[in-house]
Amino acid sequence: MAGIKSETLFRDSKKIMPGGVNSPVRAFQAVHQNPVFIEKAKGSKIYDVDGNEYIDYVCSWGPGILGHANGRVIDAVKEACNNGLTFGAPTEKELLLAKLIQEFIPSMEMLRLVNSGTEAVMGAVRAARGYTGRDKIIKFKGCYHGHSDGLLVKAGSGALTQSVPDSLGVPQGYTESTLAAEYNNIASVNKLFEIYGSQIAAVITEPVAANMGVVPPVPGFLKGLRDITARYNSLLIFDEVITGFRLASGGAQEYFGIVPDITVLGKIAGGGMPLAAYGGRKDIMEVVAPLGGVYQAGTLSGNPVATTAGIETLKILKENPGIYRQIEENTIKLKEAAIEAFGNSVCINQAGSLMSIFFTKEKVTDYETAVSSDTEKYAKYFSFMLKNGIYIAPSQFEAMFISAAHTDKDIEKTCNIIKQAAAF
Ligand SMILES: *Cc1c(COP(=O)(O)O)cnc(C)c1O
């Protein structure tokens, strides 16, 4: 239950912003309650305007791998601010960040900085189309790639039917070139290639799906995508907006040992500021303007404040590679507590520091199985956790994010409350 001040702010916000929010999931609709309004956050904790403290497992939906308000990042950003917020001209910071990103993810031989994951995916897809001279792309049901028109697609029954927009306001024509396949089902991809092979510019996927809850790739799936795209001279795009710098320092491509042609980054890349990137093989990225004919631009792209937050965050990750083992081990502790508590009445998926508890007895491997979850049970679980000081995603179909700021004490407390929630 949100407190008085949150309730008042929400009531007033609803009068001036759609649903009272600037991104839909924040409205807590899926868990049938009003949102808590956040005042501040530090380390593993987040504080609402009503004076409640929570252990935060949303971490701003992924960027917060170091926890909130890391001292080094904040100091660097303050200093950057004093020198001006934006110039619209090249800076050394952009070069420093690009080099750091490339050090982590060497397949990004050339890259471009932008402001959001949505924008980065748009750029990546346009570059893939420009490079191949083909129009069609394949995306997977349940994967999210931002809110650009062509990617807001729901597959019809059977992946071979024409894709229909998943949002009002998207003309049918905008999604005609988007083919939808089933995640973790290489046969559904092969089928589309058999029919449209020479017209497919790219396959785009989240290497670990994390926007229908966490759904890791089954063995051979990513390799299958790599092989078939290579066979048809089409490109493989990994949307690593969540997995980049999280699954491993080199993202999912390092974790699974499968290298895409183009990589999309966001979230952690900006250390909490609006920043994202796309990049890949040099010969592909050379199609991007002003070098090539694929247009893409941005007034605030690579601005000195966001790049500073990104640089400092990546530097800390580089200096502390042990973070990855720590956050994965803590996630496994939470997973084990949940298994102990819920037994086989739930399906728990985990990859690195990403985890989801699905309230279903089915093994969740794709969109169909993900939506078999009992979202009402999730809503109850969410309320219990929030009431007990644990802030998790207000939707079954989002990931739990574990950060380096979560202490042993935080994890222990959370494990205990998970156990109580199961008994409740
Ligand atoms: C969050 C997300 C995006 C969109 O990023 P925004 O910065 O919200 O536009 C794209 N792809 C994936 C996998 C994401 O998780």
ILE74 vs. criteria aliphatic (A, V, I, L, M) and surrounded by fewer than 19 Cβ atoms within 10 Å (Cβ to Cβ): yes
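Listed residues ALA379, ALA338; which is over 20 Å from GLU206 (Cα atoms), part of a helix (DSSP H, G or I) and touching a Cys at 6+ places or on another chain (Cβ under 9 Å)? Walk me through it before giving the result.
Details: ALA379 fails: touching a Cys at 6+ places or on another chain (Cβ under 9 Å).
After applying the criteria, what remains is ALA338.
For residues in the range 102-126 being hydrophobic (A, V, I, L, M, F, W, C) and within 14 Å of the chain's Cα centre (by Cα), which is surrounded by the fewest Cβ atoms within 10 Å (Cβ to Cβ)? Give the derivation first.
Looking only at the range 102-126, we keep the residues that are hydrophobic (A, V, I, L, M, F, W, C), and these are 104-105, 108, 110-111, 113-114, 120-122, 124-125.
Subsequent filtering for residues that are within 14 Å of the chain's Cα centre (by Cα) retains 120-121.
Working: ALA120: 31, VAL121: 28.
Ranking the qualifying residues of the range 102-126, first place goes to VAL121.
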Among the residues of the range 71-101, the number that are free of Cβ contacts under 8 Å to residues at least 12 places away in the same chain and within 16 Å of TYR278 (Cα to Cα) is 2
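Residue-by-condition table, conditions (1) crowded, with 17+ Cβ neighbours inside 10 Å; (2) among the charged types (D, E, K, R); (3) modelled with pLDDT under 95:
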residue: MET1; (1), (2), (3): no, no, yes
residue: PHE37; (1), (2), (3): yes, no, no
residue: LYS40; (1), (2), (3): no, yes, no
residue: GLY43; (1), (2), (3): yes, no, no
residue: ASN52; (1), (2), (3): yes, no, no
residue: VAL58; (1), (2), (3): yes, no, no
residue: GLY64; (1), (2), (3): yes, no, no
residue: ALA69; (1), (2), (3): no, no, no
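The values are calculated or read from the model by the stated rules, or taken from the named source; none is laboratory data. Here the structure is a predicted model, which means the values were calculated and not measured. Counting neighbours? That spans all protein chains shown, and the Cβs are built from the backbone with ideal geometry, glycine included.
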